[in-house]
1. Restricting the first residue to the range 149-168 and requiring it to be free of Cβ contacts under 8 Å to residues at least 24 places away in the same chain and basic (Lys, Arg), which pairs with a second residue that is in a loop (DSSP other than H, G, I, E, B) and surrounded by 15 or more Cβ atoms within 10 Å (Cβ to Cβ) meet a Cβ separation below 9 Å and a spacing of at least six or different chains?
2. Can you tell me which residues in the range 22-37 are under 18 Å from Ile72 (Cβ atoms) and without any contact (Cβ under 8 Å) to a residue 24 or more places away in the chain?
3. Condition first: of a type in the set (Gly, Ala, Ser), in contact (Cβ under 8 Å) with a residue 12 or more places away in the chain and loosely packed, with under 15 Cβ neighbours inside 10 Å. Can you find one or more residues in the range 100-109 that meet it?
4. Determine whether Leu91 is touching a His at 6+ places or on another chain (Cβ under 7 Å), within 24 Å of Ser5 (Cα to Cα) and touching a residue at least 12 places away in the same chain (Cβ under 8 Å).
5. Out of Leu49, Leu28, which single residue is among the aliphatic types (A, V, I, L, M), within 21 Å of the chain's Cα centre (by Cα) and part of a helix (DSSP H, G or I)?
6. What's the total number of residues in the range 63-72 that are closer than 19 Å to Arg160 by Cα and either in contact with a strand residue (DSSP E or B) (Cβ under 9 Å, 6 or more places away or on another chain) or at pLDDT 90 or above (or both)?
7. List the helices (runs of 4 or more DSSP H) that sit entirely inside the range 94-189 and contain at least 2 residues that are in contact with a strand residue (DSSP E or B) (Cβ under 9 Å, 6 or more places away or on another chain) and modelled with pLDDT of 95 or more.
8. Before we move on, is Glu23 among the acidic types (Asp, Glu), under 30 Å from Ser183 (Cα atoms) and surrounded by 11 or more Cβ atoms within 10 Å (Cβ to Cβ)?
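The values are calculated or read from the model by the stated rules, or taken from the named source; none is laboratory data. Quick caveat, the model's predicted, so the values are computed rather than measured. Positions of Cβ are generated from backbone atoms using ideal geometry, with glycine treated the same way; all protein chains shown enter the neighbour counts.
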Amino acid sequence: MIETSRTNTPNCLKENYKKWGKEYKKKLRKNSKYSFHWHSRRDEIDEALFLMTANHCSFCDIQPLKASGATIEHFRPKKKFPLLSYYWGNLFYCCSACQKKGDKFDRRLLKPDQVNYKFRHYFIYSYSKGIIKPNPARDLNDQERAKITIDLYGLNKWGRPDERIKEREKFLDATKPIINNYSYRFILR
C-alpha cells in the first residue's frame, strides 16, 4: 500500500456529499437491501480518483486499474457509515480483488492517505517470497494495524506475491524505468 496524497474534492461531492449521504441513509432505513448507486457525476469522481492514484489500486497498487475493472472502495463501508458514502475522504480507487473486503471494517485499518503513513513504517517486504508482513521493529499496535490491513485487503492472496516478484524483475531490467508504469511501487523504491 503506497502513500497517497488526497487531492481536492470534486465539485459534485463538495456540493452534494451530505445531501446524498442523508438520502442513502434514509433509503437504507426503509429497505436494508437497498442497492447503492452513484449519481450522474460518477465520471467526475472516477477521474479525480484516477489522477490521485496514477491509475493504481489504492491498496495493493496494481495497475493499470482503469482497464482491469476499477471500482470505488468505501474505506468505511457505506452500509455501516451511510453518511460517509459520498464523502471524498472515504473514497479510494480500488481493484476488484481488494474490493472483496466488502463490509468488513476495523478502526485500526491503515488508510493510504493518512497523515504520516509510510509503507516501511508498518510493513516489511520479503524480496525472495513476495510477501508483505507487519514490521517487527514497530510497537504491537502498529504491527496489529498492518496485520489487519494485510488480511482485510488480501494483500498476500490471489497470486500477488508471485506477481510482485515478476514486476520487480521487470523494473530492474528496464533501461530507464518510470515508476508509475509499474505495479507495487512500494517495493520498487
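1. Cβ pairs passing all conditions: Lys166/Gly130.
2. Residues satisfying the conditions are Glu23, Tyr34, Ser35, His37.
3. Here is the first cut: in the range 100-109, the ones of a type in the set (Gly, Ala, Ser) are 102.
Checking which are in contact (Cβ under 8 Å) with a residue 12 or more places away in the chain leaves us with 102.
In the following step, the residues that additionally are loosely packed, with under 15 Cβ neighbours inside 10 Å were identified as 102.
Within the range 100-109 (the criterion being of a type in the set (Gly, Ala, Ser), in contact (Cβ under 8 Å) with a residue 12 or more places away in the chain and loosely packed, with under 15 Cβ neighbours inside 10 Å), the answer is yes, since at least one residue qualifies.
4. yes
5. Exactly one of Leu49, Leu28 is among the aliphatic types (A, V, I, L, M), within 21 Å of the chain's Cα centre (by Cα) and part of a helix (DSSP H, G or I), namely Leu49.
6. Going through the range 63-72, the residues closer than 19 Å to Arg160 by Cα turn out to be 63-71.
Then drop every residue that is not either in contact with a strand residue (DSSP E or B) (Cβ under 9 Å, 6 or more places away or on another chain) or at pLDDT 90 or above (or both), which leaves 65-66, 70-71.
Total meeting the criteria: 4.
7. Values: elements: 119-122, 140-152, 160-173.
By residue number, 140-152.
8. Against the criterion (among the acidic types (Asp, Glu), under 30 Å from Ser183 (Cα atoms) and surrounded by 11 or more Cβ atoms within 10 Å (Cβ to Cβ)), Glu23 does not qualify.
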